[in-house]
Each structure stands twice: as structure tokens, then as C-alpha cells.
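Data block below; observations after.
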Amino acid sequence: MSPEDLVKALASVPAIENLASQIFEFVKHPETAKGSLASEAIAQLLVDGYHPLGVALQYPQTLLINSADHLLLVGKTRKAFPQTTPVTPLPMVGFLSLARVAIENSATALWMVSDPSIRSLEQRAVQAHLEELDEYERYLRFRHPTECDDNRQGDDLVHTNPVWIEIFADLDLRRRKLEAFATANDYRLSKPPTLVSSDPKQQGMLEQVFGKSLEILYSQLSGTTHGYTWGFGLNTKREEITLDQLEGVSKSVNHSADPAFQDKVLAVATSLLERAFNSYKSLFSLPASTGQ
């Protein structure tokens with residue numbers, strides 16, 4: 001199969017739908033081998049619902065579902081636009097934003113489970129859980145003032161809404177347990193690497209799991225997602241419309257979808273999701289090892 005044929009195969013609607021179906025079915029009915037990493041994680045979750053090894057099993061599952069759901073929407077949209085015509089034009093950039101989200105989620109899932117040892121899984125789960133707690137607390141602090149009038153006693157806030165008392169108590173408990181676990185087991189209490197690194201000495205997550213090419217592609221897609229003119233120009237097909245053949249001067253410009261670029265993006269996104277899913281599935285069959 002030629003590289004061009006491989007790209008079209010991976011970017012095809014049936015390939016996307018089949019992969020998404022496998023993921024949704026697996027997370028509903030996973031087969032867990034005795035003595036596997038997953039069985040060890042499940043055992044830890046029964047004791048502590050926030051144990052990092054359990055987090056290493058739960059977080060990638062959510063990431064895989066998010067990624068598959070976005071790509072599945074791409075597949076369904078492609079069915080509605082089987083070919084681009086003036087009557088039913090192919091969406092220019094909507095596909096690309098959906099694929100970008102899929103790439104981000106798949107890459108994060110793959111980063112978490114790429115080294116199937118307990119030490120690596122727990123270390124990366126500590127990092128992922130710390131980031132989740134920070135983002136969750138940031139959201140709560142935005143929402144909190146509209147739902148709870150606090151009384152101040154000295155430097156402390158006393159919540160008047162019992163729901164918020166419970167929410168912040170749980171958040172504080174989760175953070176203290178995570179810190180205690182990291183300290184007791186000599187894990188770094190730091191956040192995961194950023195998707196794209198601006199430090200030449202520090203690889204971003206995308207480069208770690210796929211290579212520099214994915215980092216560049218993701219940055220290009222981000223240009224469109226954030227509405228930058230340069231991103232729109234790069235990710236669409238620009239057609240000069242010359243009205244005066246003698247002068248050879250374009251009188252107007254038309255932008256349309258670039259099917260070849262969209263195929264490339266979807267092929268990368270589908271391939272990355274497949275790799276992440278296969279690595280995740282292996283946790284349910286591989287025996288638990290410390291990897292020290």
C-alpha cells in the first residue's frame with residue numbers, strides 16, 4: 001500500500017467508526033486478566049478511590065472516549081459531505097478543530113500508559129491528577145462566588161452553603177492524599193509536560209509520543225482553532241480567480257477546504273488514537289511489574 005493509500009485508509013469513515021466502536025465497547029466490557037496491571041489498579045481503587053494507580057486506569061479511559069467521540073463526529077460529518085460541490089461545500093476548518101482535540105486527548109492518553117510499569121504509571125498519574133486538581137479548583141473558584149456567600153473570620157473564609165463546604169473539603173482531602181503518596185513513594189509532585197514545549201531542552205508531550213512532526217502539525221491546527229489569519233491561510237486551499245487573462249492579475253481570492261490536508265490530519269489523529277488504545281488495552285493483559 002502506497003503512503004497516499006495508507007493515509008486515505010486511515011482517514012476513511014469506516015476506519016474511524018470501527019475504531020471508535022472498539023473503544024466504546026472495550027471501556028464498557030473490559031476483560032481483565034488475573035495479575036495484570038489493570039487488576040492491580042482495580043484492587044487499589046477498591047481501597048482508595050483516588051489511588052494514583054487507579055487514576056492511571058481511569059484518566060486514559062476518559063481521554064480515549066473524548067478522542068474517539070470527536071473523530072466519530074468527523075466521520076458522521078464526512079458522510080454528510082461525501083464530496084465538495086458548490087451546493088454542498090466541504091466544511092473548511094471545522095474538521096481540523098475536532099481532529100486537533102482528538103490528537104490532544106490521544107497523545108495525553110498514550111503518554112500516560114506508554115511505559116507499562118507500576119512506577120511509570122503511578123508517576124504520570126500523580127502528575128495528571130495534580131493538573132486535574134488545579135484545573136478543577138480554578139473552575140470552582142470562578143463558579144463559587146455566584147453560589148455561596150462567605151463570612152470572613154480573620155484570614156479564613158467560612159462557607160455558608162453546605163454543598164460548597166463538602167466540595168472544598170473533598171478537594172483538600174484529595175490534594176493532601178496525593179502529596180502524601182508522592183512524598184512516601186519518592187514521586188515528583190509536578191504537572192505533566194506541556195503538549196508543545198517552548199524550551200529546546202525540554203520535549204513536549206506530542207514530541208515524546210510521536211515526534212517533532214506532530215508538534216508542528218498540532219501548532220498549525222491551533223492556528224485555525226484560535227482563529228488566526230495565518231492558520232486559516234495555511235489550512236485551507238487558496239484559489240486565485242483571474243478575471244483579466246491579458247493582465248494576469250487576480251481580481252479576487254476564494255478559500256475552500258483542502259481535502260488532501262484534511263486526509264493527512266485525520267490519518268494522524270486516527271493512527272494516534274489506535275496506538276493509545278492498544279497501549280491502554282495492554283494494561284489489562286500485561287502482568288504488573290515495578291519497572292525499577
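Observations on the structure shown:
- Between Phe26 and Ser114, the modelled label-to-label distance comes to 1.8 nm, taking each label 7 Å out from Cα in the direction of the beta carbon.
- Taking only protein heavy atoms and a 1.4 Å probe, the accessible area of the chain is 54% carbon and sulfur.
- (1) -0.25, -0.34, -0.43, -1.42; (2) -0.18, -0.24, -0.32, -1.29; (3) -0.27, -0.36, -0.46, -1.28, with the label sought being that of the calculated log10 I(q)/I(0) by the Debye sum over Cα atoms at q = 0.06, 0.07, 0.08, 0.16 Å⁻¹: (3)
- Highest-MSF residue in the chain out of Asn254, Asn235, Asn105 [GNM, Cα springs under 10 Å]: Asn254
- Spatially close lysines, pair count over the chain: Cα under 18 Å, gap of eight or more or interchain: 13
- Exposure ranking of Glu122, Glu274, Glu166, Glu207 by accessible area [1.4 Å probe, largest first]: Glu166, Glu274, Glu207, Glu122
- Rounded to the nearest whole Hz, the Karplus-based 3J(HN,Hα) values (6.51 cos²θ - 1.76 cosθ + 1.60, θ = phi - 60°) of the range 199-214 follow the sequence 9, x, 8, 10, 6, x, 4, 5, 5, 5, 8, 9, x, 4, 4, 5, with x at glycine and proline.
- Candidates Gly223, Gly233, Gly204, ranked by Gaussian network fluctuation over the chain, Cα under 10 Å, top entry: Gly233
- Normalising by residue count, the range 118-217 has a Cα convex hull of 158 Å³ per residue.
- Taking label points 7 Å from Cα along the Cα-to-Cβ direction, Lys76 and Leu173 give a separation of 3.8 nm.
- Given charges at Cβ of Lys, Arg, Asp, Glu: the range 104-221 dipole, positive-most of Leu133, Leu214, Ala184: Leu214
- The residues of the chain present an accessible area of 55 Å² per residue when probed at 1.4 Å with all protein chains retained.
- Separation of the Asn18 and Trp230 label points, Cα + 7 Å toward Cβ, nm: 4.0
- In the elastic network of the chain, a GNM with C-alpha springs shorter than 10 Å, the most mobile of Val55, Val13, Val158 is Val158.
- Nearest 10 degrees, 0 to 90: helix 52-80 Cα axis against the chain principal axis: 20
- Charge dipole magnitude, Cβ of K and R +1, D and E -1 - the chain, Cα centre, debye nearest 20: 520
- The chain: angle of helix 118-143 to the longest principal axis, Cα-based, in degrees nearest 10: 80
- Near Lys237, the amide H atoms lying under 5 Å from its own belong to Ser256, Ala257, Asp258; only residues 5 or more places off or on other chains count, and H is placed 1.01 Å from N.
- Cα-based helix-to-principal-axis angle, 162-184 vs the chain, degrees rounded to 10: 80
- Placing a label point 7 Å from the Cα of Ile42 along the Cα-to-Cβ direction, the residues of the range 56-71 whose backbone N falls under 16 Å from that point are 56-59, 61.
- Once the Cα-Cα distance is subtracted from the 0.36 nm per residue extended length, the Gln61 to Asp186 segment shows a gain of 42.4 nm.
- Burial ranking of peptide ranges 26-34, 110-118, 171-179 (average Cβ count within 10 Å, highest at the top): 110-118, 171-179, 26-34
The values are calculated or read from the model by the stated rules, or taken from the named source; none is laboratory data. The shown structure was predicted, so the numbers you read here are calculated from the model rather than taken from an experiment. As a convention, Cβ positions derive from the backbone with ideal geometry for all residues, glycine included, and neighbour counts pool all protein chains shown. When the accessible area is computed, the model is the full protein with side chains, heavy atoms only, and any ligands, DNA or RNA have been set aside. Shrake-Rupley method; radii C 1.70, N 1.55, O 1.52, S 1.80 Å.
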